[in-house]
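Structure first, commentary second.
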Amino acid sequence: MPNRISAFASHAKRHPAAAAASTLCLAVAALCLLYLFGNTPPWKLDRLWQRHADLKPGKIDDYIAFGLWTGAAAATFLTTVLALTTRLWARPRTGDTVELGVADGFPARRFWIAVAAIATAAGLLRAPRLAQPLWGDEAWAYSDLVGGKYAQHDDGSLDFRRHPWKVTCFKDKGGNNQYLFTIAARWCNDIWQNATGAPPHAFSEAALRAPPFLAGLLSIAAAALLLRRLGYSEAGLALAALLAVHPWHVRYSTEARGYTMLILCILVALYFLTCALATDRRRWWFGFALAEFAGLYTWKAAIHPFAAINLVAIGILCVRLRRRATVPVCRCFAANAAALAAFIVLFAPALPQLELLFKRSTSFEGAMDMRWAKNVVSQLLGAMDWANSDTATPFDDLTRLAKRAPALVWGFVLVVVPAAAGLGLVRISRRRPGAALLLLAPALGSLFAFAHFGLKGIALHKWYLFYALPVLFALVALGITNFVPKGRRWLRPLPAAIFAVFYLSVFGHQLRTLLSTPIHDTRGADALARDDPQDRLDLGPSELVTLGLYRRVTAYDPRIVQYYGEKRKPMRSAALLEAALRDADAAGRPVRLSIANLDFARLSHPDFFAVVDDPRHFRKLARFPAIEPYIVIEVYEYLSGSITAADGQTGELPDTSPAPGLR
């Protein structure tokens with residue numbers, strides 16, 4: 001034993017960094033062990049498992065208890081392994097490096113001035129969208145995770161109770177809590193409330209969208225910096241300019257979700273990884289681990305692109321260094337273990353919630369067929385579907401766009417973009433094959449996601465592959481800048497400028513529509529439905545009754561009644577609708593009706609729409625178009641007393657029971 005202690009002391013003197021890392025890992029493992037012994041293990045959470053056996057959601061405190069204990073157990077294992085292997089990954093620099101890029105001599109000052117100008121222009125371009133209404137996913141994230149719950153009284157007044165922070169950080173019953181974004185959005189909204197003196201129930205769309213907005217601008221700079229690191233500064237500037245005007249990037253950098261935050265994390269992780277491979281410095285490996293953790297904590301499905309990035313990195317090390325790859329590969333494994341240990345502690349509370357979700361719901365099923373593939377391609381190209389069944393929408397689809405200018409659109413989509421991307425791939429593959437593989441890694445991750453979701457039978461939504469966008473346009477940027485004349489500096493921006501003009505001539509209308517038209521005008525629809533032209537949610541008494549069908553967004557009007565009767569049945573039949581209208585007539589309260597998912601609703605509930613379409617009972621006030629057919633909203637005004645009058649004419653007796661569904 002004394003010999004082992006002396007050997008450890010001697011090793012610590014010779015390698016202080018490794019000793020410090022080992023001590024830190026053991027300290028974290030010890031803290032996790034203390035937590036494990038002092039708290040209830042998952043198998044003793046009887047209340048949670050009983051509720052799950054009944055297919056009912058558990059309490060948030062039980063999920064946290066399960067997750068923190070499970071996460072602490074996983075972190076104990078990972079940090080112990082890290083502590084025992086510090087001689088492999090924490091040793092000093094070995095000189096075994098892989099340089100994936102060579103400086104191209106582009107002046108740093110000019111580069112950063114250009115990046116700053118592009119990012120500033122991108123911010124000014126996106127600013128008008130920040131105040132647009134929240135659409136479905138955004139409003140759900142706010143209502144369920146950031147805002148709070150409402151309780152409605154008999155007189156229509158509302159009480160508001162703010163969600164505690166444990167809900168924001170750990171609730172994930174819908175499987176769509178993008179944790180890092182949710183926390184950042186709540187902080188920004190709190191700052192806005194404190195600065196403006198707004199009431200606790202109020203929210204600002206711009207404040208909620210501030211984190212993805214900033215992340216979107218930073219991702220433009222990070223994309224340019226990554227290509228500069230690989231030796232293609234001019235291509236980096238071209239990529240930044242293309243992302244600045246790309247409608248999909250514009251949309252998600254001004255949408256209250258975490259997709260641009262994920263893109264930023266992936267680009268920063270790739271930059272840190274190239275620096276780590278080239279220098280073998282531990283600080284770059286630490287930065288890579290931090291970016292990887294942030295990406296996973298932003299969106300749990302980021303496991304696919306990060307898995308691909310790590311596989312490609314390990315492959316490059318093994319091919320380039322062969323037997324000397326041991327230490328760099330171990331550093332890569334250590335970075336992943338550290339990121340995973342931190343992530344699993346915070347993510348584990350979601351595991352039983354996701355398990356219950358997949359048991360209870362079939363809404364995640366979907367076909368990934370040729371139609372899906374076409375939509376993915378068209379979204380990557382211009383933030384539009386290949387074909388949209390709603391011909392009244394102001395937003396473009398590729399098929400309709402091609403009818404207006406077939407030669408221009410199909411020539412660009414089928415010839416120009418593939419040719420530019422193919423040329424860019426050939427260019428970087430010939431000169432720097434390792435850099436090409438690393439740049440393509442996120443796209444490989446999208447194939448992993450396709451395989452994983454397909455095996456699980458889960459629909460892979462097209463926006464889940466948003467992180468492939470910088471890859472495609474990085475290849476395009478490499479291709480178009482390949483035509484830059486070497487001896488004439490003033491001509492260097494010309495190929496990129498020509499491509500940008502060509503791109504905007506095809507997709508410029510979609511960009512203008514995104515900037516000027518809400519993709520889902522929930523705010524306007526709800527303001528009309530509650531007869532509130534000032535669009536201010538008043539918590540005081542309200543006589544107006546707002547009924548809803550498939551109105552899943554209630555951030556702007558929490559009074560929407562979608563369930564009726566003692567058993568709280570969804571109000572999707574003519575009988576329940578008429579019963580609610582009779583109750584409103586008896587109470588002398590006016591009624592407005594708000595309907596979404598119209599095509600599906602009309603097919604599924606024809607008796608309901610037989611009442612709605614009857615001009616004796618309802619008058620249509622407005623139709624609110626949207627980017628997808630299923631979120632189009634129509635608002636109707638009920639002609640008060642008409643149902644009761646019809647009952648008198650037909651001899652039917654009205655239902656005079658209390659109206660619990662109108663509360």
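The values are calculated or read from the model by the stated rules, or taken from the named source; none is laboratory data. Just so you know, these numbers come straight off a predicted model, no measurement behind them. Counting neighbours? That spans all protein chains shown, and the Cβs are built from the backbone with ideal geometry, glycine included. The protein model used for the area step is the full one, side chains on, heavy atoms only, and it has no ligands, DNA or RNA in it. Shrake-Rupley method; radii C 1.70, N 1.55, O 1.52, S 1.80 Å.
When only alpha carbons are used to place a centre, the range 569-638 and the range 259-293 end up 52 Å from one another.
Rounded to the nearest 20 debye, the dipole size of the range 172-233 about its Cα centre is 260 debye, using +1 on the Cβ of Lys and Arg and -1 on the Cβ of Asp and Glu. Accessible surface area normalised per residue over the range 286-426 is 43 Å², counting heavy atoms of protein chains with a 1.4 Å rolling probe.
Eigen-decomposition of the gyration tensor built on the alpha-carbon atoms of the range 52-138 gives equivalent ellipsoid semi-axes of 42, 36, 9 angstrom, largest listed first. Straight-line reach from Lys462: taking Cα to Cα under 17 Å and skipping same-chain neighbours fewer than 8 places apart, the lysines in range are Lys300, Lys374. Of the chymotrypsin sites (Phe, Trp or Tyr not before Pro) found in the range 199-234, no site is in coil according to DSSP while having at most 13 other Cβ atoms within 10 Å of its Cβ. Give the accessible area for Phe333 in Å² (nearest 10); use a 1.4 Å probe, count only protein heavy atoms, and leave out ligands, DNA and RNA. Spelled out: Phe333, probe radius 1.4 Å, area about 120 Å².
Computed over the chain, relative contact order equals 15 percent, with contacts defined as Cα pairs under 8 Å that lie 6+ residues apart. When Rg and the Kirkwood Rh are both derived from Cα coordinates, the Rg/Rh ratio for the range 280-414 amounts to 1.14.
Counting every alpha-carbon pair across the range 49-201, the share separated by more than 25 Å comes to 62%. Across every direction, the projection of the convex hull enclosing the Cα atoms of the range 525-606 has a mean area of 5.8 nm².
Can you list the lysines whose alpha carbon sits under 22 Å from that of Lys149, skipping same-chain ones fewer than 8 residues off? The qualifying lysines are Lys56, Lys59, Lys166, Lys171, Lys173, Lys567, Lys569. Summary: within the chain, the longest segment free of GluC sites (Glu not before Pro) located in DSSP loops with at most 16 other C-beta atoms within 10 Å is 100-364. Surface composition of the chain: carbon and sulfur atoms hold 64% of the protein heavy-atom accessible area at a 1.4 Å probe. Determine the dipole magnitude for the chain: charges of +1 sit on the beta-carbon of Lys and Arg, -1 on that of Asp and Glu, nothing else is charged, the reference point is the Cα centre, and the result goes in debye to the nearest 20. Computed about the Cα centre, the dipole is about 3960 debye. Taking Cβ atoms as reference points and 12 Å as the exclusive limit, the residues near Glu255 contribute a net charge of +2, counting Lys and Arg as +1 and Asp and Glu as -1.
Whole-percent P(r), the range 434-516, all Cα pairs, 10 Å bins from 0: 15, 29, 31, 19, 4, 1. Could you tell me the center-to-center distance, by alpha carbons, between the range 106-128 and the range 370-410 in angstrom? Taking the Cα centre of each part, the range 106-128 and the range 370-410 sit 30 Å apart. Cross-link partners of Lys456 among aspartates and glutamates, defined as those whose alpha carbon lies under 20 angstrom from its own and excluding same-chain residues fewer than eight positions apart: Asp172, Glu355, Glu365, Asp369. The modelled label-to-label distance between Ala278 and Ala405, using points 7 Å beyond Cα along the C-beta direction, is 3.9 nm. Under a 5 Å amide H cut-off, with hydrogens placed 1.01 Å from N, Ile633 pairs with Phe624 among residues at least 5 apart or on other chains. For the range 358-441, pairs of C-alpha atoms spaced more than 19 angstrom apart make up 57 percent of the total. Which of the listed residues, Leu515, Ile560, Tyr550, is farthest toward the dipole's positive end in the range 459-616, when Lys, Arg count +1 and Asp, Glu count -1 at the beta-carbon? Most positive-ward Cα: Leu515. Where does the chain land at 222 nm, in deg cm²/dmol rounded to the nearest 500, when only DSSP H runs of n ≥ 4 count, each adding -39500 (n - 2.57), divided by all residues? The helix-only estimate for the chain comes to -19500 deg cm²/dmol at 222 nm.
With no solvent and one equal point scatterer placed on each C-alpha of the range 206-280, evaluate the Debye formula and give log10 I(q)/I(0) for q = 0.13, 0.14, 0.23 Å⁻¹, two decimals. At q = 0.13, 0.14, 0.23 Å⁻¹ the computed log10 ratios are -0.39, -0.44, -0.96. With N set to the number of residues, divide the alpha-carbon radius of gyration of the range 402-480 by 2.2 N^0.38 Å and report two decimals. For the range 402-480, the normalised Cα radius of gyration is 1.31. Computed over neighbours whose Cβ is under 14 Å from that of Thr279, the net charge equals +3, Lys and Arg +1, Asp and Glu -1. The structure shown yields Cα Rg over 2.2 N^0.38 Å, and of the options [x] 0.97; [y] 1.09; [z] 1.49 that calculated value carries the label [y]. Values of log10 I(q)/I(0) for the range 237-333 across q = 0.12, 0.21, 0.26 Å⁻¹ run -0.45, -1.04, -1.30, by the Debye formula with one identical scatterer at each alpha carbon and no solvent. A dipole drawn for the chain from +1 and -1 charges on Cβ atoms has a positive end, and of Leu267, Ala17, Met370 the residue lying farthest that way is Ala17. With the convex hull constructed from alpha-carbon coordinates only, the range 128-213 shows a mean projected area of 6.3 nm² over all directions. Surface calculation, 1.4 Å probe, protein heavy atoms: Lys569 sits at approximately 110 Å² accessible.
Taken over the C-alpha atoms, the range 494-548 has Rg and Dmax values of 20.2, 63 angstrom.
I'd like to know how the range 145-281 sits against the 2.2 N^0.38 Å rule of thumb: what's its Cα Rg over that expected value? Numbers along the way, then the final one.
Working: Rg = 19.3 Å, N = 137, 2.2 N^0.38 = 14.3 Å.
Rg over 2.2 N^0.38 Å, computed on Cα atoms: 1.35.
Dividing the C-alpha radius of gyration of the range 11-75 by 2.2 N^0.38 Å, with N its residue count, gives 1.64.
Shape summary: the range 334-493 maps onto an equivalent ellipsoid whose semi-axes, from the alpha-carbon gyration tensor, are 34, 27, 12 Å in decreasing order.
Taking amide H as placed 1.01 Å from N in the peptide plane, Tyr563 has its amide H under 5 Å from the amide H of Met571, each at least 5 places away in sequence or on another chain. I want to verify the translational diffusion coefficient of the range 281-339 in µm²/s; compute it with Stokes-Einstein, Rh as the Kirkwood radius over Cα pairs, at 4 °C and 1.567 mPa s. Translational D for this selection: 110 µm²/s.
Tally the DSSP beta bridges in the chain and give the antiparallel ones as a percent, rounded to 5. Here the share of antiparallel DSSP bridges comes out near 75 percent.
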